[in-house]
Amino acid sequence: MTDAALQYAVERLLARYAAAIDDDRLEEWPHFFTPDCRYQIISRENYDKKLPVGIFFANSRAMLEDRVNSLREANIYEAQHYRHILSPSLVTEPGAGFVRAQTNYQVIRIMHDGATMIFSTGRYLDRIALATPEPLFQEKLVLMDSRRVDTLLAIPL
């Protein structure tokens with residue numbers, strides 16, 4: 001794959017990922033991951049100090065699917081939507097069948113009454129499988145710049 005094609009594949013995966021969340025198509029969200037994936041949301045502070053405690057952790061697509069089911073069926077939270085703003089990705093460490101990428105993100109939260117605020121900023125550290133028909137996340141580490149979460153983190157980042 002050429003550098004340009006690789007860059008396009010990575011950024012297209014991230015754009016599709018963000019659009020599925022922003023458009024409340026959460027049932028699609030787990031399918032951006034390999035079956036044996038790892039997804040973690042952790043503060044930058046804990047990450048820098050090598051403290052493993054995060055806000056959310058899953059180590060399989062099945063766990064992500066359970067998360068979506070609980071959001072739809074069990075959890076009670078105030079109606080809200082996200083809008084992701086993503087930087088261009090820095091693609092690094094291309095390997096045999098995978099690539100690593102770093103992408104800055106900003107998530108704006110829109111509440112049911114129209115109130116809008118910056119909800120989270122940070123960066124994605126991704127390991128992306130390329131040996132599948134479409135690129136998929138093998139690992140997505142969401143590093144939040146702040147350790148403070150304003151309210152329940154219901155929707156994935």
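The table for this structure:
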{"read-out": "Per residue, in Å², the accessible surface of the chain once ligands and nucleic acids are set aside, probe 1.4 Å", "value": "54 Å²"}
{"read-out": "Rg and Dmax [Cα atoms of region 63-157; Å; Rg one decimal, Dmax integer]", "value": "15.5, 48"}
{"read-out": "Theoretical gain in end-to-end length, Met63 to Arg147 [0.36 nm per residue, Cα-Cα removed]", "value": "27.9 nm"}
{"read-out": "Inter-probe distance in nm under a simple model that places probes 7 Å from Cα toward Cβ, at Arg83 and Ala131", "value": "4.1 nm"}
{"read-out": "Computed log₁₀ I(q)/I(0) - Debye formula, equal Cα scatterers, no solvent, region 1-155, q 0.17, 0.20 Å⁻¹", "value": "-1.06, -1.46"}
{"read-out": "Area projected by the alpha carbon convex hull of region 1-61, averaged over all directions, nm²", "value": "5.7 nm²"}
{"read-out": "Within the accessible area of region 1-65 (1.4 Å probe), percent carbon and sulfur", "value": "55 percent"}
{"read-out": "The chain, relative contact order in percent, only Cα pairs under 8 angstrom and at least six apart counted", "value": "26 percent"}
{"read-out": "Value at 222 nm in deg cm²/dmol, rounded to 500, when DSSP H runs of n ≥ 4 in the chain each add -39,500 (n - 2.57)", "value": "-7500 deg cm²/dmol"}
{"read-out": "Positive dipole terminus of the chain, leading residue within Ser70, Leu86, Ala115 (C-beta point charges)", "value": "Leu86"}
{"read-out": "Rounded to the nearest 20 debye, dipole of the chain from Cβ charges on Lys, Arg, Asp, Glu", "value": "440 debye"}
{"read-out": "Environment charge of Val99, counting only residues whose C-beta is closer than 9 Å and scoring Lys/Arg +1, Asp/Glu -1", "value": "0"}
{"read-out": "Calculated FRET value between Arg16 and Ala74, using beta carbons and R₀ = 25 Å, to 0.05", "value": "0.40"}
{"read-out": "Selected from Leu51, Tyr17, Leu6, residue furthest toward positive end of dipole (region 6-67; charges at beta carbon)", "value": "Leu51"}
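The values are calculated or read from the model by the stated rules, or taken from the named source; none is laboratory data. Keep in mind the model is a prediction, meaning the values are calculated, not measured. Every residue, glycine as well, gets a Cβ built from its backbone with ideal geometry; the counts of neighbours run over all protein chains shown. Surface areas here come from the heavy atoms of the whole protein model, side chains and all, with no ligands, DNA or RNA. Shrake-Rupley method; radii C 1.70, N 1.55, O 1.52, S 1.80 Å.
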